[in-house]
Amino acid sequence: MEYLMPWEFSPLFLVIWLLIAALYARILLLDKSVIKNATFYGRIVSFYIGWLSVYIVWHTYFDYLSQYMFWVHRLQHLVLHHIAPLLMVLGGVGVAHKIREVYLPVWRIIPSFIRRPCELCYELLQNWLVAPLVFVGLIYLWLWPNIHFSAMLNKNLYFLMNFTMLLDGLLFWWLLLGFGWKGEERGFKARIIMLLVVLLPQQLLGAYITFSSSVIYDVYDVCGRAWPISPMADQRYGGIVTWIPASMMSVVGFLLVLRRRLNYQKKICL
Amino acid sequence: MKIINGLFIAVLAFMFIACSEVEPTRLTNIQGLLPNLEFKLTNEDNRTVTEKDYLGQTVVVFFGFTNCPDVCPSTLHELAEVLNKLGDLAEQVTVLFISVDPKRDSLTKLKRYTDVFGPAFIGLTAEGDLIKQMSKRYRVTFGYGAADNSGNYDVSHSGAVFVFDKHGRARLLATQKSSVEDVFWDLRQLINERAT
């Protein structure tokens with residue numbers, strides 16, 4: 001039970017996260033036309049596994065471990081930035097048209113001086129050249145030794161770090177697998193390029209951390225570690241998590257983009 | 001005349017900006033990163049103390065335990081050396097040694113331990129999870145190893161030394177790698193800092 005309690009209770013996160021689960025459930029209930037087959041249930045499972053895993057790494061004892069162990073922190077970001085957003089997007093793609101139909105009028109009620117800047121930001125972040133750079137850029141930014149040090153010491157910065165990682169993860173995977181493909185041909189190429197752009201820098205960074213001969217992130221020495229482990233071992237494991245599973249996610253991305261391509265071609269042939 | 005006036009204002013403005021800039025520190029500057037000093041603990045004389053009792057003093061905080069074989073004694077020795085170097089200024093410094101092992105660190109044991117390093121060193125402890133709350137506030141942690149046959153166990157804890165100014169604001173962070181010279185330099189600068 002103790003392990004399920006949040007290490008740092010965040011009402012803001014809790015409200016946002018419960019709201020997202022509720023809004024998704026509402027869409028499912030509203031969409032009466034949908035055929036309830038395996039794909040339908042698969043989507044729900046995918047969405048809620050993603051949703052739940054974000055909750056676990058953010059709002060349970062896992063968060064404590066992430067603050068006091070570098071490799072657990074890397075694992076937390078792997079979930080927040082790669083795995084969970086991908087699962088949630090996979091769950092959301094099928095009902096995306098419905099989400100737009102239901103929530104777009106609500107969104108339009110917001111005064112334009114708030115709405116327009118948000119829309120412009122969204123458009124910029126959904127640009128296929130900008131998105132991969134932001135995706136990799138954020139990983140580099142929060143792992144920059146000085147910035148990482150401050151983020152682990154300051155509560156607000158720490159929240160901002162996790163929040164931006166999660167938000168960017170959702171935006172990136174949504175761009176990659178969502179319905180906004182402007183022309184199937186061009187969209188396919190752009191998405192392959194995006195995946196290539198994010199792949200290499202992550203591998204380089206992961207390898208650099210893994211093979212570094214000195215301690216790069218001393219904040220874990222300063223704050224103490226969750227359990228006794230040598231700083232170099234901690235760093236090496238963290239480097240490997242940044243390097244291998246993160247690149248594997250690009251491979252998963254490739255497969256999903258290819259599957260979409262095949263489905264599209266099948267449709268044309270018919 | 002106008003030009004001279006303009007120049008004069010420009011020079012003044014420059015001086016103002018230069019003065020308001022943060023002085024570079026040798027230790028890690030944590031101003032604005034960590035919250036102000038705040039606690040309610042029991043001191044080695046069995047009196048409840050809070051941060052208000054130390055307002056006006058430059059406060060150095062270290063989390064440790066008296067059975068600690070290496071990090072704690074060496075850190076406290078180095079701090080004692082710094083205070084020694086500070087001379088009269090040392091009167092304006094209090095070192096709070098917060099026990100992360102309240103089970104074994106009795107008040108008498110704490111007092112005997114801190115007295116070795118000098119009168120500026122004060123041991124603090126608490127019952128329950130007050131210490132955990134205090135350490136959490138400064139984003140440090142500690143943990144206990146498994147006990148051996150004679151009941152001894154190891155304690156993993158932070159090696160950081162936090163420095164708070166006279167107003168209780170978090171200012172500096174020294175690590176195990178920081179030299180006595182650097183701690184002395186920054187502490188002197190902080191004590192001599194004019195009230196803002």
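The values are calculated or read from the model by the stated rules, or taken from the named source; none is laboratory data. Everything numeric in this text was worked out from a predicted model, so none of it was measured. No Cβ is skipped: glycine too gets one built from the backbone with ideal geometry, and neighbour counts run over all protein chains shown.
Tabulated values for the structure
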quantity	calculated
Filter result for the condition that a residue is in contact with a helix residue (DSSP H, G or I) (Cβ under 6 Å, 6 or more places away or on another chain), under 23 Å from residue A:62 (Cα atoms) and at pLDDT below 95, over A:220, A:237	A:220
Residues located in segment B:90-144, provided they are buried (at least 18 other Cβ atoms within 10 Å of the Cβ) and free of Cβ contacts under 8 Å to residues at least 24 places away in the same chain	B:141
Flag if residue A:250 is of a type in the set (Gly, Ala, Ser), within 14 Å of another protein chain (Cβ to nearest Cβ) and either touching a helix residue (DSSP H, G or I) at 6+ places or on another chain (Cβ under 9 Å) or within 28 Å of residue B:141 (Cα to Cα) (or both)	no
All positions within segment A:234-257 that are without any contact (Cβ under 8 Å) to a residue 60 or more places away in the chain and within 17 Å of residue A:86 (Cβ to Cβ)	A:244, A:247, A:248, A:250, A:251, A:255
Close pairs (6 angstrom Cβ cut-off, 6 or more residues apart or separate chains): charged (D, E, K, R) in segment B:63-78, surrounded by fewer than 18 Cβ atoms within 10 Å (Cβ to Cβ) anywhere	B:78/B:180
Which numbered condition residue A:75 misses (of (1) at pLDDT 95 or above; (2) surrounded by fewer than 19 Cβ atoms within 10 Å (Cβ to Cβ))	(2)
Listing of helices (runs of 4 or more DSSP H) fully contained in segment B:23-139 that carry 3 or more residues being out of contact with any Phe, Trp or Tyr (no Cβ under 9 Å at 6 or more places or on another chain) and within 13 Å of chain A (Cβ to nearest Cβ)	none
Residue that is surrounded by the fewest Cβ atoms within 10 Å (Cβ to Cβ), among those in segment A:138-153 that are within 14 Å of chain B (Cβ to nearest Cβ) and of a type outside the set (S, T, N, Q)	A:145
Residue that is farthest from the chain's Cα centre (by Cα) [pool: residues in segment B:145-159 that are at the interface with chain A (Cβ under 10 Å from one of its Cβ atoms) and free of Cβ contacts under 8 Å to residues at least 24 places away in the same chain]	B:145
Selection count, segment A:223-234, where residues are away from chain B (no Cβ under 14 Å) and either in contact with a helix residue (DSSP H, G or I) (Cβ under 9 Å, 6 or more places away or on another chain) or surrounded by 15 or more Cβ atoms within 10 Å (Cβ to Cβ) (or both)	1
